[in-house]
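Structure first, then comments.
The values are calculated or read from the model by the stated rules, or taken from the named source; none is laboratory data. This one's a predicted model, so the numbers in the text were calculated from it and none came from an experiment. Glycine also receives a Cβ, built like all others from the backbone with ideal geometry; neighbour counts cover every protein chain displayed.
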Amino acid sequence: MGLIKTSSTYLSIISLWLLPWAVLAQPAVIAMPDSHSAQTAKQILMQGGNAVDAAVASAFVLAVTYPEAGNLGGGGFLTLFEPNKSSINSSEQMNPGKSYFLDYREKAPSAAFRDLYLDLYLDANKAVIPYRSLVGYQASGVPGTVRGMWEVHQRFGRLPWKSLLSSAIQFAQQGFVVSEPLAQRAVWYQQWITDKSPIPLNFTTYFADLKTDSVFKQPELAKTLKLISEQGADVFYTGKIAQQIVKQMQKPESLVDKGLITLADLKGYQAIWRQPVEGEWQGRTIVSAPPPSSGGIAIIQLLKMKSLLKERLKTGWLKAKAKGLSEEAFKAHVYAELEKRVYADRAFYLGDPDFIDVPIEQLISDSCLKSRIKGVLLDDISDTESIKPGKLESPETTHFSIIDSQGMAVSNTYTLNMPFGNGVVIEGAGFLMNDEMDDFSTKPGVANVFGVVGGKANEIAPHKRMLSSMSPTIVLKDGQVEMVVGTPGGSTIITSVFQAVVNIVEKGMSAQQAVDAPRVHHQLLPVNQITYNPELSASTKAALELMGYHLKKNSYMGDVQLIAYINGHWQAASDKRGQGVSEVFEID
């Protein structure tokens with residue numbers, strides 16, 4: 001790093017003092033969920049694109065090569081840090097930059113209503129109709145991904161829009177080699193929707209050829225991507241693709257099964273720039289997703305409560321150790337105690353901020369959290385029924401983390417919800433639709449597919465965005481990026497990000513160790529149930545069961561993509577639970 005890059009020239013480092021400002025080039029770093037997105041992100045960065053360009057290009061590639069989660073017909077969140085390259089004079093501290101958050105989450109169609117998925121004719125209790133919010137046409141919210149990618153590129157992108165979609169078009173036209181996990185998920189999903197859907201869906205017509213080691217081509221999707229590359233996002237929301245979506249929504253013969261999305265819904269969709277939720281923790285600033293995500297608030301609550309418990313944890317651990325409890329078992333119990341309080345707040349307070357007032361500052365304030373930890377028990381299990389809100393998302397989501405050579409960072413999480421969404425492919429366009437309507441509270445107190453209970457704050461309403469656990473997060477230290485992290489995993493997203501950050505800061509782990517370490521999860525309900533992955537020791541299991549916990553091994557608990565600055569060097573890690581690719585590399 002002997003050269004300093006300015007806007008138009010290279011100067012030797014010894015002349016740095018002559019400049020009113022300078023930018024120290026750093027390595028570019030990526031942590032991506034598959035090899036195709038990693039290849040694309042690196043290529044864009046090497047061509048002079050910035051982190052946003054790489055993110056946009058990768059998101060469209062994943063819509064082709066990672067069809068169970070990468071998408072055009074879904075939505076998500078993007079957290080962004082833009083460094084400030086100048087200061088007024090040398091006597092002032094350099095402005096550290098600014099953080100941004102883009103909400104391109106799906107919205108409920110205008111025809112949606114609170115009791116959409118309840119059987120109004122069954123009985124006075126209005127029972128939830130099984131799987132109606134998960135499979136079939138009425139499970140889809142208005143998609144936001146294309147508008148989101150367009151919006152962030154228009155504001156921050158450097159390379160031409162059309163050039164960013166070329167790799168995705170190529171993968172769709174020429175095909176890609178199908179991995180065994182993708183083929184297995186497709187087989188499982190075909191059987192699942194056959195069992196759950198009341199009407200035939202067209203998923204198999206498009207995705208039956210997902211066979212291990214075969215080359216899978218998607219010509220209709222290639223045409224769609226080409227249209228988007230040439231005409232921008234408007235073709236998806238007001239043009240030919242919008243017409244294809246609405247036509248498909250009207251495909252079922254029965255009115256009960258027809259989709260809800262209209263041309264007016266698509267035309268009216270907008271991605272929204274929101275203020276990211278930020279919290280101070282151990283000399284760092286945690287920058288993460290605000291509502292309609294529950295993730296940022298929850299992660300900050302967990303981190304701060306753990307720190308506020310610091311002295312009690314020391315004495316608690318000594319007592320636990322004296323009783324023969326392992327450190328792993330004690331940690332799992334403490335995390336469960338903290339997490340059940342966070343999920344109680346989530347169910348009561350959180351929803352779309354355009355529809356309800358979410359008391360963000362109160363929920364993450366020290367005074368509130370000090371009150372929350374008073375009931376934490378270090379040697380026993382708190383009664384779940386006694387845990388009330390404090391006073392005042394799918395396994396097949398996907399995530400990527402990128403930092404460019406100028407320090408711009410992108411943390412992006414997006415999804416279809418269930419793997420492959422609702423099983424409906426837009427004919428002629430070749431892409432899957434989401435089933436995000438299940439992330440609303442279909443009925444207060446009734447859990448969604450991930451077992452998460454919601455309340456009135458997250459009930460269905462026209463144009464409302466459903467609550468999410470997606471938590472694209474950036475950690476700043478001294479005003480500069482220290483970590484970029486996120487993961488899929490439904491309701492376990494929050495706890496996975498929390499544990500990865502703790503592993504780096506408090507446990508001194510490398511990036512790879514931090515994402516590969518065993519994780520535990522508790523979400524209030526089921527009562528006293530701790531899920532884990534990949535494994536806990538036999539002694540830890542025995543100790544937790546003796547305390548009264550029910551243990552369940554989760555076959556999937558995230559796919560963390562982490563970038564971290566550790567001991568003066570950048571590290572990148574892709575979770576061993578997935579098929580990701582991470583790399584640190586120099587830009588010529």
Per the filter on the range 529-583, residues under 17 Å from Val501 (Cβ atoms) and assigned to a loop (DSSP other than H, G, I, E, B) are Met557, Gly558, Asp559, Val560, Asn567, Asp575
Take the residues of the range 69-88 that are part of a loop (DSSP other than H, G, I, E, B) and over 22 Å from Gly558 (Cα atoms): which is modelled with the highest pLDDT?
Pro83
Please find, among Ala264, Ala289, Ala242, the residue that is modelled with pLDDT of 95 or more and not assigned by TED's automatic domain parsing to the domain that holds Ser197.
Ala289
Which ranges mark the helices (runs of 4 or more DSSP H) fully within the range 181-244 that have 2 or more residues being of a type in the set (Lys, Arg)?
219-231
Among all residue pairs at least 6 apart or on different chains, which show Cβ distances below 7 Å where the first residue, located in the range 205-219, is over 20 Å from Ile169 (Cβ atoms) and among the β-branched types (Val, Ile, Thr) and the second is at pLDDT 95 or above and loosely packed, with under 14 Cβ neighbours inside 10 Å?
Thr212/Glu180
State whether one or more residues within the range 371-387 are outside the structural domain of Leu134 (by TED's automatic domain parsing), among the basic types (Lys, Arg), in a helix (DSSP H, G or I) and over 29 Å from the mean Cα position of the chain (by Cα).
yes
Odd one out for Leu313, checked against (1) under 24 Å from the mean Cα position of the chain (by Cα); (2) over 29 Å from Leu62 (Cβ atoms); (3) not hydroxyl-bearing (Ser, Thr, Tyr)
(1)
Residue count, the range 514-540 (criterion: touching a Leu at 6+ places or on another chain (Cβ under 6 Å) and farther than 17 Å from Glu327 by Cα):
1
So in the range 524-557, with the set limited to residues that are out of contact with any helix residue (DSSP H, G or I) (no Cβ under 8 Å at 6 or more places or on another chain) and hydrophobic (A, V, I, L, M, F, W, C), which one is surrounded by the fewest Cβ atoms within 10 Å (Cβ to Cβ)?
Ala538
Output yes when any residue across the range 354-366 is out of contact with any His (no Cβ under 9 Å at 6 or more places or on another chain), surrounded by 14 or more Cβ atoms within 10 Å (Cβ to Cβ), at pLDDT 95 or above and small (Gly, Ala, Ser), and no when none is.
yes
Has the range 17-26 got at least one residue that is in a loop (DSSP other than H, G, I, E, B), at pLDDT below 95, of a type outside the set (Asp, Glu) and under 30 Å from the mean Cα position of the chain (by Cα)?
yes
Go through the range 306-331 and give me each residue that's modelled with pLDDT of 95 or more, buried (at least 19 other Cβ atoms within 10 Å of the Cβ) and hydrophobic (A, V, I, L, M, F, W, C).
Leu309, Ala329, Phe330
Return the total of residues in the range 457-474 being crowded, with 24+ Cβ neighbours inside 10 Å and not basic (Lys, Arg).
10
Test result for His521, surrounded by 18 or more Cβ atoms within 10 Å (Cβ to Cβ) and either at pLDDT 95 or above or over 30 Å from Tyr565 (Cβ atoms) (or both):
yes
Go through (1) surrounded by fewer than 17 Cβ atoms within 10 Å (Cβ to Cβ); (2) part of a loop (DSSP other than H, G, I, E, B) one by one and return the number of the condition Gln406 breaks.
(1)
Give Gln499, Gln513, Gln561 a once-over and let me know the one that is within 21 Å of Gln301 (Cα to Cα) and modelled with pLDDT of 95 or more.
Gln499
